[in-house]
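Below: the structure, in structure tokens.
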Amino acid sequence: MSSHDYDVAIIGSGPSGIGAATALSEAGIKGIVVFERETEIGGIPRHTHHPSFGLLVFKRPISGPKYIQALRKRCQSVRFETRTTVTTLRKDGYMEIATPKGVKTIRAKHIILATGARETPRHGRLTSGLRPQGITTTGALQQFIYGANMAPFSHPAIVGTELVSFSALWTLRSAGIRPAAMIEESSRITAYRPAALFARLLRVPIYYNSKITQIDGIEKARGLEIEIADGRHETISCDGVIFSGKFVGDNNVARASHLTLNPTTELPLVDQNWVSSDPDISVIGNAVHPADMGDHCYIEGLSAGKTVAEILRDGIEDYEVVEITHDAGIKLAAPSIVRLKRQEETKINISFHVNAPYSGNVTVKLGDEIVHQTSKRCRPARRITLKNVPITEAKGRDKCPIHVSLADI
Amino acid sequence: MKRAIGQNCGHSMLDTPTNAQSRSDLPWDVIVIGGGVVGCAITRRFALAGVRTLLLEKGSDILSGASKANSAIMHTGFDAPPDSIELACMKAGYNEYLDISGKMNLPTMKCGALVVAWDEAQLAELDGIVEKAHQNGINDVSLIDRQTLRSKEPGLSNGALAAVEVPREFVVDPWSAPLAYLTQAVRAGAEYRFNAEVTGGTFDGTNWHLSTDREVLTCKLVINCTGTKGDYIERICHEPEFEIRPRKGQFLVYDKSAASLINAIILPVPSPTTKGVVLTKTIFGNLLLGPTAEEQPGRENARVDHDVLQQLIETGARILPDLPTHEVTATYAGLRPATQFKDYQISANGDKNWIGVNGIRSTGLTASLGIATYVEQLCAETFGDLIRFEPPKTPFWPKMPSLAQGAERAYQTGDGTEIVCHCEGVTRGDIERALSSEIPAQSLGGLRRRTRVMMGRCNGFYCSARVAELTKGKLTPPLASEGDL
Ligand SMILES: Cc1cc2nc3c(=O)[nH]c(=O)nc-3n(C[C@H](O)[C@H](O)[C@H](O)COP(=O)(O)OP(=O)(O)OC[C@H]3O[C@@H](n4cnc5c(N)ncnc54)[C@H](O)[C@@H]3O)c2cc1C
Ligand SMILES: Cc1cc2nc3c(=O)[nH]c(=O)nc-3n(C[C@H](O)[C@H](O)[C@H](O)COP(=O)(O)OP(=O)(O)OC[C@H]3O[C@@H](n4cnc5c(N)ncnc54)[C@H](O)[C@@H]3O)c2cc1C
């Protein structure tokens, strides 16, 4: 075995990757590198120029680029290598990276994957119709408008009403573009209700209970046909469509590796300290819980980085792995496994997302025993966190899972 | 030379007369209408034989019809109608492809195919399939039993009863091959025009005068290869004996993670009208599911339909139970230029200097090089005095950049530039080369087919704005309004 090129290699320079780098450098770890495939660091905030970051970390709203700048100042000694794509992960800390000079293999004592999340585009949704240009996502839109100062259309429609859909609206507004419509499958918006006022203020109609039956246009988009719940069909004239939200983790590197994935969500399994099935690799940020706010990801990166510094110092002691399972109404939960150390009391935070709105008790059980119960109001596409769930008792129970359910029981 | 040709094609030549025409006011020997795989292969064959050939394509790039949206399988012809022109052209095309693909760096995935029986009725047909294959001269086709099938394809569902193995059904890159054919033709002196839709023409007893919306072009012989527009264009010369009846096929492309679910191309027992739904790896390392077979009146618009795609997924899941856990990266549809007849409709009008190459419905990628040779012979027989074939010179063999899974890509060897499209590993250098190659990309579709940029799972989430910047002023329509907002 060759020696290590780095103590810790972090893949991805979004808020979570920067958070991990900061905590590691504060803990005195020297050989840290952050690999970023883009030409600039920052992840999603890099191209979100409106002030929608920082409320938790800086106690005030700031723009994405300023947010990244401020976070970067906290880890000045860390090396960031841009234009560097991690293509393959292997056991024992080996990874393959591609730079403009080609591909090479390097090795780190610990790897932190912080590859982020993206939206589900048109094809992944199996949307009907033709395939003209101008069909895009919020992420791409922001890079067009804020990054390149170009607009792919002049009166697009926005599909979805998640927070990020209103971010699309905001982005368009900054370019003086008023979208033709917003289209929502259900009877109310997915984001917080007041967001609908923002749309109304900008005179953008929201079509509820609507699904797309056709995208029209040969070269350029020409219109969108929708079917409304009452059977009515409408044609919305537009020259582009923005598919917003329905986040998925951008996990192609993890998926092609030896890491164990959750079979339904296809997200890599991580424990309460964000360590994956391979103890040499952690996965953090929206790669494991698509998608939470940037601040959450940064804070999570800080705590994951601290743990990795401890692992580098002390190694991982003997532990027992217990799975966290959940009801079908829950879309994803992080962590998805727990490593229980022999000697320690263990309390963990569990975050999750729901598929449909739910108000009532959320219960955590170990076998038949209820270990945690709180009342929550849950909406889809939002992070819900259960704090300090005591799970020490899961030890020695012969793989009895920790189960989270949306019920009183 | 490169420059001159570049300026001579597509939108950039809007108001400049073409060099060749102004150099000598001689009519073209041959105008090929339609830059599908068939038109490209024919242009190549004629250009290599020293014939002055011009290709006219109405789209902004070659492959604006059926040839851009197929299953990309090189068929042996094991199930083709015996004694058909189709079978003869497929066999010749297949052999010539394998012969020249190495020289042009065209990738071939030699995976073989399995025709799988899922019920007793289908099981009963397998013997007949083997027999027909042998009759067609494909002698290595044989029956394999359930157990062998299971060991070859452990991902298949338990319902698979037995299969016919066709070892030489292969998968290719359906886009780089025709581009290579036309590139070689151009290097042998042919020319092409994009955005050049033929709208009419007159024959003066000696020459044809074909009109596009911006010029009239004169030639001795017309070869019609317009796919789903074949009967319309045929009417410029005469009333055709066939009618195009487009048959749509919809597809789903799964992410690369799904490709390991199968080894060979999984074919169903065919019905009289269609080869049925196929599962195959693509040359790029994805998994392809489709096509459907749906008759439709429209000649141009190949729409995908959510409900049909959903049904396709269900069909796919019955074959491969693990399929639905994988991500869909693309959906598309193609129109087969079918007619009321089974066989190709290739014929010459000796009085009016016209050859129609029509009804190349579902095997044209395989057969195109064979069709080209067939048409060359037909031309020699019918128009021997009109079109002179010269003995072939040593041609220039263009080396196409291989985009195949496992081929060495620019990002791996390092071309000094960064990766722009992360899903498909496309570098800035790849994009710049495609924009300045012998037949440069002039539309987003053309760029995608040459590089795979924006073809991955994120559909351009990460790279489309960057691609818009890199292609400023070079693509029609542009990706975004250009200039400051
Ligand atoms: C369109 C969109 C808009 C959003 N808007 C907001 C908002 O306004 N406010 C908010 O709080 N949250 C927003 N979010 C949520 C956002 O995901 C988080 O704010 C945060 O950016 C997540 O941080 P991260 O570090 O997990 O991932 P990201 O910020 O996504 O960063 C991941 C980084 O990893 C890099 N990377 C990925 N794979 C590799 C590889 N193989 N090799 C090298 N580098 C790699 C990527 O290039 C990227 O830079 C938005 C999300 C999206 C998709
Ligand atoms: C769903 C599907 C699956 C298939 N699978 C396979 C397979 O696995 N293997 C295989 O070998 N074959 C397959 N095929 C068949 C193959 O794609 C076709 O046979 C082949 O593409 C036909 O080529 P073409 O050049 O005749 O027609 P096209 O590709 O349709 O080309 C015609 C061209 O003419 C142009 N044109 C039309 N009108 C005009 C005009 N007036 N002026 C100028 N230009 C004009 C069009 O823009 C177009 O580019 C499949 C086809 C489909 C649809």
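Here's how it looks for residue B:346: its modeled amide H is under 5 Å from those of B:358, which are all 5 or more places away or on a different chain.
Between helix A:64-73 and chain A there is an angle of about 20 degrees, using the helix long axis and the longest principal axis of the Cα atoms.
Karplus-derived 3J(HN,Hα) values for region B:274-284, using 6.51 cos²θ - 1.76 cosθ + 1.60 with θ = phi - 60°, are 8, 6, x, 7, 10, 10, 8, 6, 9, 4, 8 Hz; glycine and proline are entered as x. If you take all other residues with their beta carbon under 9 Å from the beta carbon of residue B:329, and give Lys and Arg +1 and Asp and Glu -1, the sum is 0. Here the 3J(HN,Hα) profile of region A:102-117, calculated from phi with Karplus coefficients 6.51, -1.76 and 1.60 at θ = phi - 60°, is x, 9, 9, 9, 10, 9, 10, 5, 9, 10, 10, 8, 9, 8, x, 10 Hz, Gly and Pro shown as x.
Compute a Gaussian network model of chain A, connecting alpha carbons closer than 10 Å, and tell me which residue from A:152, A:357, A:100 fluctuates the most. Among A:152, A:357, A:100, the largest GNM mean-square fluctuation belongs to A:100.
Each part reduced to its alpha carbon centroid, region B:344-412 and region B:224-297 end up 20 Å apart.
Positive end of the dipole of the protein assembly as shown (Cβ unit charges, origin at the Cα centre): among A:103, A:43, B:411, the Cα lying farthest that way belongs to A:43. Take the alpha-carbon centre of region A:111-142, take the same for region A:280-320, and report the distance between them in whole Å. Rounded to whole Å, the Cα centres lie 27 Å apart. For the peptide B:317-330, the mean number of other protein chain Cβ atoms found within 10 angstrom of a residue's Cβ is 2.
Compute the signed sum of charges (Lys and Arg +1, Asp and Glu -1) over the other residues within less than 10 Å, Cβ to Cβ, of residue B:305.
Value of the local net charge: 0.
Neighbours of residue B:441 by Cβ distance under 9 Å: Lys/Arg scored +1, Asp/Glu scored -1, total +3.
Taking amide H atoms as placed 1.01 Å from N in the peptide plane, the amide H of residue B:481 lies under 5 Å from those of A:151, A:153, each 5 or more residues away in sequence or on another chain. Note on chain A: GNM, Cα springs under 10 Å; of A:15, A:335, A:61, the largest mean-square fluctuation is that of A:61.
Axis of helix A:294-314 versus longest Cα principal axis of chain A: the two differ by about 20°, to the nearest ten degrees. If you fit an axis through the alpha-carbon atoms of helix A:15-26 and take the longest principal axis of the Cα set of chain A, what angle between them do you get, 0 to 90°, nearest 10? It is inclined by approximately 30 degrees.
Judged by the mean number of other Cβ atoms found within 10 Å, the most tightly packed of the peptides B:224-237, A:370-383 leads the ranking B:224-237, A:370-383. Anything in chain B that counts as a DSSP H helix reaching 18 Å or more along its axis (C-alpha) with Kyte-Doolittle mean of at least -0.5? List them, would you? Both cut-offs are met by B:85-101, B:120-135, B:306-319, B:364-382.
Most tightly packed first, judged by the mean number of other beta-carbon atoms within 10 Å of their residues, the peptides B:352-361, A:126-135 read B:352-361, A:126-135. Post the alpha-carbon centroid distance, region A:328-399 to region B:316-331, in whole angstrom. Computed from Cα coordinates, the inter-centre distance equals 31 Å. For region A:286-357, averaging the sequence separation of C-alpha pairs within contact (under 8 Å, six or more residues apart) and dividing by the residue count gives a relative contact order of 29 percent.
Across peptide A:125-134, the average count of Cβ atoms from other chains found within 10 Å of a residue's Cβ is 6.
Overall, the accessible surface of the protein assembly as shown at a probe of 1.4 angstrom is composed of carbon and sulfur to the extent of 49 percent. Selection among A:161, A:132, A:172 by position relative to the dipole of region A:122-243 gives A:172 as farthest towards the positive end (Cβ unit charges, Cα centre).
Averaged over peptide B:409-422, the number of partner chain Cβ atoms lying within 10 Å of each residue's Cβ comes to 5.
Close amide H partners of residue A:241, meaning residues 5 or more places away or on another chain with modelled amide H under 5 Å apart, are A:135, A:136, A:157. Sorted on the mean count of surrounding Cβ atoms within 10 Å across their residues, most packed first, peptides B:466-476, A:187-197, B:366-376 read B:366-376, B:466-476, A:187-197. Here residue A:306 is the anchor, and the lysines within straight C-alpha reach of less than 26 Å, apart from those fewer than 8 places off in the same chain, are A:30, A:59, A:66, A:73, A:91, A:109, A:341, A:347, A:387, A:395. Taking only alpha carbon atoms, region A:359-409 gives an Rg to Rh ratio of 1.00, where Rh is the Kirkwood radius.
When the Gaussian network model of chain A links Cα atoms closer than 10 Å, the mean-square fluctuations of A:93, A:285, A:301 top out at A:93.
The values are calculated or read from the model by the stated rules, or taken from the named source; none is laboratory data. For clarity, every value in this text was computed on a predicted model and none was experimentally measured. Ideal geometry is used to build each Cβ from the backbone, glycine not excepted, and the neighbour counts take in all protein chains shown. Only protein heavy atoms, including side chains, enter the accessible area calculation; ligands, DNA and RNA are left aside. Shrake-Rupley method; radii C 1.70, N 1.55, O 1.52, S 1.80 Å.
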